[in-house]
């Protein structure tokens, strides 16, 4: 019973944290390029995690390290840049909404690549949530006709990577502590992130002296501490105490938080998108309700 309650607590907290991440990315892009934002996010988050649990990496087998590296690149490194580039063209709320297709990919990839089966109710719930997401996207496109929705493909690619990472953690890292997974992920991607930052032009006088840089760095600090470092540990723990589908369902609740932030920031949102949000929540319930 305690574990059942804990997984819902983790789900709600992650929804609040990650739902707020999209507006932080949008604000940080005012003074930084996508490459600079993505690399700084990884570097700052990695430093925080190393202080918290670097010793936890001792004693890991080569097999575990292999999966830690792979899940680090798929679940953190590439998505950090893909979302940054996507939000140069589409609203933060739309990016969060597109992210909601992660459970669809999780079920498909879980079955095809990892032989992880989902119940009929889970599949129906995910499909209903996906239909709600499509309705949200359609209305978002009509409200914001000037946005380049080809950049939405970058978010879709990121969702496939997230789904692969979720299944890798469930299949190959189930017994590894959540903090160890998070630290291991960042140990693998820190050096590549530093290389990207060096070649991004961040250390030029033009960037360092830019008036928007201090606020952008503040947003990245918040994004790194909560949206990446702390949330990564919470998410790894959620995957371990629940199922891949339940864990990835956090992406259904994130748009609710992201849309609220978007409205406060002047982004458009209509009545049909409210209806679509309710459909998404119905999908979450069906996907995670206990089978009789």
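Where a number appears in this text, it was derived from the coordinates with a stated rule and is not lab data. None of the values given here were measured: they were computed from a predicted structure. Ideal geometry is used to build each Cβ from the backbone, glycine not excepted, and the neighbour counts take in all protein chains shown.
Both radii come from the Cα set of region 171-229: Rg as radius of gyration, Rh as Kirkwood radius; their ratio Rg/Rh reads 1.12.
Grouping the Cα pair distances of region 140-243 into 5 Å bins from zero gives a pair-distance distribution of 2, 10, 12, 16, 17, 16, 13, 9, 4, 1 percent in increasing distance order. The order of the peptides 197-208, 270-281 by mean Cβ neighbours within 10 Å, most packed first, is 270-281, 197-208. A viscosity of 1.002 mPa s and a temperature of 20 °C, combined with the Kirkwood radius over C-alpha pairs in the Stokes-Einstein formula, give region 211-292 a diffusion coefficient of 141 µm²/s. Entry for region 118-170 at q = 0.19, 0.23, 0.25, 0.30 Å⁻¹: log10 I(q)/I(0) = -0.86, -1.02, -1.06, -1.10, Debye formula applied to identical alpha-carbon scatterers, no solvent contribution.
For region 89-193, pairs of C-alpha atoms spaced more than 18 angstrom apart make up 60 percent of the total. Estimated from helical segments only, the mean residue ellipticity of the chain at 222 nm is -24000 deg cm²/dmol, where each DSSP H run of four or more residues counts as -39500 (n - 2.57). In plain terms, the C-alpha convex hull of region 1-157 casts an average shadow of 11.9 nm² when viewed from every direction.
Equivalent ellipsoid of region 13-65: semi-axes from √(5λ) of the C-alpha gyration tensor, largest first, are 29, 15, 10 Å. Highest mean packing first, where packing is the average number of other Cβ atoms within 10 Å per residue, the peptides 58-68, 159-169, 224-234 line up as 159-169, 224-234, 58-68.
Tell me, what does the Kirkwood hydrodynamic radius of region 1-40 come to in angstroms if you use every pair of distinct C-alpha atoms? The Cα-based Kirkwood calculation yields 12.0 Å.
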